Amino acid sequence: MSLADRMIRLAWAVGGEDVAERVLRAHWRLLPSDDPAGRALRGRLVEVLAREVPGRWDAIRQAVLADELTLLDDAERAAPSRATVLAIIRALPVGSSS
């Protein structure tokens, strides 16, 4: 799955079509070369989504988790290492629904 597809899916899962289109048009930026997985872009989108759709924090975290899982290869998905699990946990945004 391409980075663009992943970010569209993330934004859509949290806010639906209207929010996804607005957020992606306004906040899509070129990726830093040292971030091939797009985590920096995803972080920016998560910040914007948290402001755009307050009260959807759980949906944002679920969307980030789903995105992290797409980055795993089949072997990691079938039997994730402790390091992989910890990396996924660290990637989840910190905050609350309140």
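The values are calculated or read from the model by the stated rules, or taken from the named source; none is laboratory data. Given the structure is predicted, the values throughout are model-derived calculations rather than measurements. Note that we place each Cβ from the backbone using ideal geometry, even for glycine, and neighbour counts take in every protein chain shown. Note: accessible area is taken over every heavy atom of the protein model, side chains too, but ligands, DNA and RNA are not part of it. Shrake-Rupley method; radii C 1.70, N 1.55, O 1.52, S 1.80 Å.
Annotations
- Among the residues making up segment 25-48, those that are within 12 Å of the chain's Cα centre (by Cα) and within 15 Å of R6 (Cα to Cα) are A37, G38, R39, A40, L41, R42, G43, R44, L45, V46.
- Residue match in segment 12-25 (condition: more than 22 Å from A87 (Cβ to Cβ), loosely packed, with under 15 Cβ neighbours inside 10 Å and small (G, A, S)): yes
- Residue check, L72 part of a helix (DSSP H, G or I) and either surrounded by 15 or more Cβ atoms within 10 Å (Cβ to Cβ) or under 15 Å from the mean Cα position of the chain (by Cα) (or both): no
- If the condition is being outside any helix (DSSP H, G or I) and open to solvent by less than 10 Å² (accessible area, probe 1.4 Å), then segment 35-68 contributes only G38.
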